[in-house]
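The values are calculated or read from the model by the stated rules, or taken from the named source; none is laboratory data. Predicted, not measured: the structure shown is a model, and the values here were computed from it. A quick note on method: Cβ atoms are made from the backbone with ideal geometry, for glycine too, and the neighbour counts reach across all protein chains shown.
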Amino acid sequence: MKFFPSFVPLILLFSLISILILLLSSLIHFPLGYFDCFYILTGTFVISLIILLVLAQGFRKGGKNSVQHTLFAISLKFLLYMLLIIGYYFLAKKLTTGFVLTFFIIYLLFTSSILLIAIRELKKNKPESR
């Protein structure tokens, strides 16, 4: 897995969502402030980069290491997202419906992009069958 090309979709997604949130918050009443959304977005982006690095290391090693790294990435992703939610709760002192909705939308977007990147890399590095 090459470092730069795999992260381009995440960077583009981060930029697109940032612009979209900025536009939505200025045009309509958005349930969360821009900085709350930016906290969620930045945290999700960093977690996605970390998970993609762990997956890339597993893909590079191959075999049983690939499975172990995938399981580690899933567990790490769960723990990091829990820390993100707990951190937001302690910073904002509230978890509103707007936060939950925004978090899950951003979570699903970044998770699907990681999945698409991983599938594309697996197809590229698929061993030839005999």
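Descriptive notes on the structure:
- When Phe78, Phe38 are screened for being at pLDDT below 85 and of a type in the set (Phe, Trp, Tyr), only Phe38 passes.
- Only listed residue being of a type in the set (A, V, I, L, M, F, W, C), modelled with pLDDT under 80, surrounded by 13 or more Cβ atoms within 10 Å (Cβ to Cβ) and under 13 Å from the mean Cα position of the chain (by Cα), chosen from Phe45, Phe7, Phe14: Phe7
- Segment 29-42 - residue that is among the hydrophobic types (A, V, I, L, M, F, W, C) and surrounded by 19 or more Cβ atoms within 10 Å (Cβ to Cβ) and, of those, farthest from the chain's Cα centre (by Cα): Leu32
- Failed condition for Phe103, given (1) within 14 Å of Leu53 (Cα to Cα); (2) surrounded by 15 or more Cβ atoms within 10 Å (Cβ to Cβ); (3) not hydroxyl-bearing (Ser, Thr, Tyr): (1)
- Leu53 being in contact (Cβ under 8 Å) with a residue 24 or more places away in the chain, within 14 Å of the chain's Cα centre (by Cα) and surrounded by 12 or more Cβ atoms within 10 Å (Cβ to Cβ): no
- Considering residues of segment 56-97 that are part of a helix (DSSP H, G or I), over 13 Å from the mean Cα position of the chain (by Cα) and of a type in the set (Val, Ile, Thr) only, the residue surrounded by the fewest Cβ atoms within 10 Å (Cβ to Cβ): Thr97
- Pairing each residue of segment 28-47 that is closer than 13 Å to Ser15 by Cα and without any contact (Cβ under 8 Å) to a residue 40 or more places away in the chain with any residue that is of a type in the set (Val, Ile, Thr) and assigned to a helix (DSSP H, G or I), provided the two are 6+ apart or on different chains, yields C-beta distances under 9 Å for Phe38/Ile21.
- Ser26 of a type outside the set (D, E, K, R), over 23 Å from Phe90 (Cα atoms), at pLDDT below 80 and buried (at least 16 other Cβ atoms within 10 Å of the Cβ): no
- In this structure, Phe45 does not satisfy being under 19 Å from Ser112 (Cα atoms), in contact with an Asp or Glu (Cβ under 7 Å, 6 or more places away or on another chain) and outside any loop (DSSP other than H, G, I, E, B).
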